[in-house]
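Notes to accompany the following structure.
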Amino acid sequence: NNETRAPHVVRAVPSPLAPSAQAAEMVTRAYLLCYNLGQAMGWSAALAATLRSVVNNAGSFASVYADAGWYVRAFQVASVLEVLHAAFRLTKSPVSAALMQWVGRTHVLMAVTHAIPELQSTPAAGVLFMAWALTEVIRYPTYALSLSCPRWLNWLRYTIFIPLYPIGALSEMKLMYDGIPTMRANQMYSITLPNALNFGFDYTTFVTMLLVAYPFLFYSLYAYMFIQRKKKLALIQTRKED
Amino acid sequence: VFLADTRKAPGTMKLKILSRSGRELVSGGLEVKDGATTDDLKAAFAAKKPKYPPSRQRFTLPVPEGADKKVRGVALDAGKSLSKDYGLQTGSKVCFKDLGPQVPYAVVFLAEYAGPLACYLPFYFLRKEIYGDAMGLPGADAPMLLVQTLAMLFHSGHYLKRILETLFVHHFSHATMPIANLFKNCTYYWCFAAIMSYFINHPQYTPVGHSQMVAGFAISALMQLGNLHSHVYQSSLRADGSKTYKEPKGGLFRYVTCANYTCEIYNWVGFNIATQSVWGWVFALCGSAQMVAWANAKHRRLKKLFPGFSRAFKILPPFY
């Protein structure tokens, strides 16, 4: 869940900066605005495709991956840019948090679900797309609007994670768990001995350990989100009172 | 008129103990003697609030009004007089921070270092059971190669040395560290010991040439001795029982700020040259990265404490 890091808020007030620095500031702001708007549109398309798929299939999630998959893959992989934004200090997020976030989601999406076709028609895949799309369709507009973000949207952003986060995490775990037999049978992404570097990597073991670690990772991020929620919603409240 | 605050015994002062958010933690203030030290303050606070033993307490002077959010208040150090060193008197405010549950340094180190022994040795001594019976791999009952036996001896010897140093050599600056460190450090040491051991003792392990193996273990042995020598020297700086920092000047410390880390890093380099496994190198890299960070901090601290301090290298001759 990308909620865990500092918001994609562009730096607020340009205090007396040299003209060249001011120009750079404006270019950064314009670029980030375009990026956030682009992502907002992409995930809106993904959400629309997801909803349309569920409705057209009388409530079944089995076609969601087929119908919305292109949008989700494109825009999730493209969000690697956020890691670069953090690395080049265009935004205030810590690079490590942005990277972990992106790697976690993209791993489940590309390395697991996209690579194992049998997983794509499972409810877990469809539900996961729904959860991601709902979150992003709220998050990116709050970044794009930054200081002009309306109070209700901000509230939504910091409240909707409460159900969506566990749903997303459970879906991710289900997908990995269901994929294990295929991973084991095909020795996916694994390197075996013997070799001169005495290096072995068993992807199935890696995923199994990841599944054990997931509840702990989830718990710490979820708790952090509640702390952020308290801070951000209180901030809006006091701003309103001012 | 509420007189509680002004009532106090003569020769004492009443300090206002505040939390980070400004809430008063001890109603009416905490009473300490005029000549009290930081340690006395901590003892008094612990008496009032037994949940916070002294090792868990950190007191700082309040940050001045309007200062930048990132500025941290001046910490009250052990052994210093509250009135003379920090100018505190009745009514003065101090901020309290809970450092969280603490565990003694020695406990952490012993757990960290005993674990790797328990994690490494089974793959060597129970090779047939683990690789053969449990995993069904061929060749699990073949005799161990010389390099595998030496690796086991060097790895175990290293951690035994660390345990003995923790018990008999080191003098720690702080008594405790946060308990989270215990879990973090143990996970790191134990997991890497197990992973390295798994691949080195594997029936399909590919050994390097004989000369490379000898060279690697020779470097490792030499560096372990160097590391021991550095630790004994560092320990001698605190032979008087004090916990303050002294400038290390003897032995390799004449040329390298953190000669002990140097020897540790090159010890693992030697080990990996001899055993050649990717996970072994990853372990050496992770440890080195952490030690470089520590070396930078140590170098900065020594520069601040001892004006004019400089050394040819910080941690890794001939590179850095």
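Quick look at the values:
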| item | result |
| --- | --- |
| Selection status of A:Thr159, surrounded by fewer than 21 Cβ atoms within 10 Å (Cβ to Cβ), under 21 Å from A:Lys232 (Cα atoms) and touching a residue at least 24 places away in the same chain (Cβ under 8 Å) | yes |
| Counted residues, region A:179-233 - those being farther than 21 Å from B:Phe283 by Cβ, within 25 Å of the chain's Cα centre (by Cα) and β-branched (Val, Ile, Thr) | 6 |
| Those residues of region B:295-320 which are open to solvent by 60 Å² or more (accessible area, probe 1.4 Å), among the hydrophobic types (A, V, I, L, M, F, W, C) and assigned to a loop (DSSP other than H, G, I, E, B), in sequence order | B:Ala312, B:Phe319 |
| Verdict on B:Gly287 being under 22 Å from B:Tyr188 (Cα atoms), more than 23 Å from the chain's Cα centre (by Cα) and open to solvent by less than 50 Å² (accessible area, probe 1.4 Å) | no |
| Residue satisfying all of: in region A:196-207; within 30 Å of B:Ile273 (Cα to Cα) and open to solvent by less than 40 Å² (accessible area, probe 1.4 Å); farthest from the other protein chains (Cβ to nearest Cβ) among these | A:Tyr203 |
| Qualifying position, being closer than 23 Å to B:Lys298 by Cβ, without any contact (Cβ under 8 Å) to a residue 12 or more places away in the chain and within 14 Å of another protein chain (Cβ to nearest Cβ), among B:Lys246, B:Lys184 | B:Lys184 |
| Residue within region A:114-122 that is over 26 Å from A:Lys232 (Cβ atoms), assigned to a loop (DSSP other than H, G, I, E, B) and either among the β-branched types (Val, Ile, Thr) or open to solvent by less than 10 Å² (accessible area, probe 1.4 Å) (or both) present | yes |
| Extreme residue, farthest from A:Ala131 (Cα to Cα), among residues of region A:145-187 that are assigned to a helix (DSSP H, G or I) and β-branched (Val, Ile, Thr) | A:Thr182 |
| Condition check for A:Met176: under 23 Å from the mean Cα position of the chain (by Cα), within 14 Å of chain B (Cβ to nearest Cβ) and either open to solvent by 10 Å² or more (accessible area, probe 1.4 Å) or within 25 Å of A:His114 (Cβ to Cβ) (or both) | no |
| Residues within region A:65-92 that are touching a Ser or Thr at 6+ places or on another chain (Cβ under 8 Å) and more than 15 Å from A:Leu128 (Cβ to Cβ), tallied | 6 |
| Search result, residues across region B:48-61 that are open to solvent by 80 Å² or more (accessible area, probe 1.4 Å) and in a helix (DSSP H, G or I) | B:Lys48 |
| Residue under evaluation B:Cys191, criteria (1) away from every other protein chain (no Cβ under 14 Å); (2) open to solvent by 60 Å² or more (accessible area, probe 1.4 Å), criterion not met | (1) |
| Selection status of B:Ile163, among the hydrophobic types (A, V, I, L, M, F, W, C) and touching a Phe, Trp or Tyr at 6+ places or on another chain (Cβ under 6 Å) | yes |
| In region B:52-74, the residues that are at pLDDT 85 or above and of a type in the set (A, V, I, L, M) | B:Leu61 |
| Hey, B:Ser211 part of a helix (DSSP H, G or I) and open to solvent by 60 Å² or more (accessible area, probe 1.4 Å) or not | yes |
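Okay, residues lined up against (1) crowded, with 17+ Cβ neighbours inside 10 Å; (2) within 14 Å of another protein chain (Cβ to nearest Cβ); (3) among the polar types (S, T, N, Q); (4) in a helix (DSSP H, G or I):
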site	(1), (2), (3), (4)
B:Glu129	no, no, no, yes
B:Pro138	no, yes, no, no
B:Asp141	no, no, no, no
B:Ala151	yes, yes, no, yes
B:Gly157	no, no, no, yes
B:Glu165	yes, no, no, yes
B:Met196	yes, yes, no, yes
B:Tyr205	yes, yes, no, no
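The values are calculated or read from the model by the stated rules, or taken from the named source; none is laboratory data. Quick caveat: nothing in here was measured; it's all calculated off a predicted structure. As a convention, Cβ positions derive from the backbone with ideal geometry for all residues, glycine included, and neighbour counts pool all protein chains shown. Side chains included, ligands, DNA and RNA excluded: accessible areas come from the protein's heavy atoms. Shrake-Rupley method; radii C 1.70, N 1.55, O 1.52, S 1.80 Å.
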